[in-house]
Amino acid sequence: MVGTLYVVGTPIGNLEDITLRAIRILKEVDAIVCEDTRTTMKLLAHLSFAKPLLALYGRSGEGVLQRLRAGESVALVSESGTPGVSDPGAELVAAAHEAGLPVRAVPGPSAAVAAASVSGLPTDEFVFTGFLPRKPGKRRKALAALAGERRVIIVYESPHRVAQALEDMLSTLGDRPLAVARELTKVHEEVTRTTVARALDRFRVESPRGEFVLVVAPAPSSPEE
C-alpha cells in the first residue's frame, strides 16, 4: 500500500494558529518535507516533538515520491502558511498526482485569505497574483494586465520592493482604495486602509519592515454601467 502526502497548513506568524488536526498529522507521519528546516524545527520545538525533516530543493522531490511508494506517509509544510500557494511545494504536489499517489489537504492559515478578511474591501471575488515580478518592466506589464480587473487584487510583496510596487500600481491602476497588511499575526501586525497614493507617500519616507500583503480595490465601473 502506498503512503499519503499530506499538505499541511502551518502558522504565518503566531504559532497558536496551528490546528489540532495539523498537530495530529505532523505527529503521525513518517517524515516532514519542508521549505526551510530551521523554521519547521522551531514549530516542532514549540509543539514538543521531533520528526525526520526533509528539505525540499532540486531533485529531492523524487526521494519523497519513493518514500510514498514504499508506504510511508509524508507531510508537506511551507515556511509559513499553506503549501503550494506561491510556494515551491506546488511542484511536489503535482508530481504526486502525476504518480497516482494520494494527496490530502490539512487546511490552515493563508496570508492572502487573512489579508482579504481584514481588508474591508469587497472580497466575494478576488484575484491572487502572489509576488509581482522583480524587474520593473515585467512588474508594470503584469499590473497593466490587471488594470481592468473588476475583482479585488491581492499581491504579496517584500519590504525591499513595496515602494516600487506601489509606484507602479499608481501609474498602471490609478489611485484606488488599498489595504496594506504587514506582519500578519506577528507582534508588529498592522492593517491599514488607505489608497495607493497615500501608501506610496508613506513608504517613500518610511523604511518598510516585514512581509506585506496588498489588497487593491477593483477597477471602478464606467459611467455606462
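Every read-out reported here was derived from the displayed coordinates using simple, explicitly stated rules and does not represent laboratory data. In this text the structure is predicted, and so the values were computed from the model without any measurement. Neighbour counts run over all protein chains shown; Cβ positions are idealised from the backbone, glycine included.
Straightening the chain between V103 and E189 buys 27.7 nm, computed as 0.36 nm per residue apart minus the Cα-Cα spacing. Counting other Cβ atoms within 10 Å as a rough exposure proxy, the listed residues L5, L54 run L54, L5 from fewest neighbours to most. For A144 and S117, the difference between the fully extended length at 0.36 nm per residue and the C-alpha to C-alpha distance is 7.2 nm.
Tilt of helix 37-47 relative to the longest C-alpha principal axis of the chain, in degrees (0 to 90, nearest 10)? That works out to roughly 80 degrees.
Residues whose amide H comes within less than 5 Å of that of F131, counting only those at least five positions distant or on another chain, are Y156 (H built at 1.01 Å from N in the peptide plane).
Rounded to the nearest whole Hz, the Karplus-based 3J(HN,Hα) values (6.51 cos²θ - 1.76 cosθ + 1.60, θ = phi - 60°) of the range 98-114 follow the sequence 4, 7, x, 9, x, 10, 10, 8, 10, x, x, x, 9, 4, 5, 5, 4, with x at glycine and proline. Couplings for the range 129-138, taken from phi via the Karplus curve 6.51 cos²θ - 1.76 cosθ + 1.60 with θ = phi - 60°, read 9, x, 7, 6, x, 6, 6, x, x, 5 Hz in order; Gly and Pro are left as x. Would you work out the relative contact order for the range 5-106, in percent, from Cα pairs under 8 angstrom that are 6 or more residues apart? Taking the mean separation of contacting Cα pairs over the length of the range 5-106, I get 42 percent. Taking every C-alpha pair closer than 8 Å and separated by at least 6 residues, the mean separation divided by the residue count of the range 150-194 gives a relative contact order of 24 percent. Taking the DSSP beta bridges with both ends in the range 111-216, the antiparallel portion is around 75 percent. The mean sequence distance of close C-alpha pairs (under 8 Å, at least 6 residues apart), as a share of the length of the range 111-216, puts its relative contact order at 34 percent. Cross-link partners of K186 among lysines, defined as those whose alpha carbon lies under 17 angstrom from its own and excluding same-chain residues fewer than eight positions apart: K42.
Backbone amide hydrogens, once placed in the peptide plane, bring E149 within less than 5 Å of A219, excluding anything fewer than 5 places away on its chain.
Our note on the geometry: Cα centres of the range 168-225 and the range 1-73, 34 Å apart.
For the range 125-171, what mean projected area does the convex hull of the alpha carbons give, in nm²?
Spelled out: convex hull of the Cα atoms, projected over all directions, averaged, 3.1 nm².
Whole-Hz Karplus values for the range 139-148 come out as 5, 5, 5, 5, 5, 4, 5, 9, 4, x Hz, taken residue by residue from phi with 6.51 cos²θ - 1.76 cosθ + 1.60 and θ = phi - 60°; glycine and proline positions read x.
Residues whose amide H comes within less than 5 Å of that of Y6, counting only those at least five positions distant or on another chain, are V74, A75, L76, R104 (H built at 1.01 Å from N in the peptide plane). For the range 90-164, the Stokes-Einstein estimate of translational diffusion at 4 °C and a viscosity of 1.567 mPa s comes to 86 µm²/s, using the Kirkwood hydrodynamic radius over alpha-carbon pairs.
Rounded to the nearest 20, the size of the Cβ-charge dipole of the range 5-106 about its Cα centre is 300 debye, with Lys and Arg at +1 and Asp and Glu at -1.
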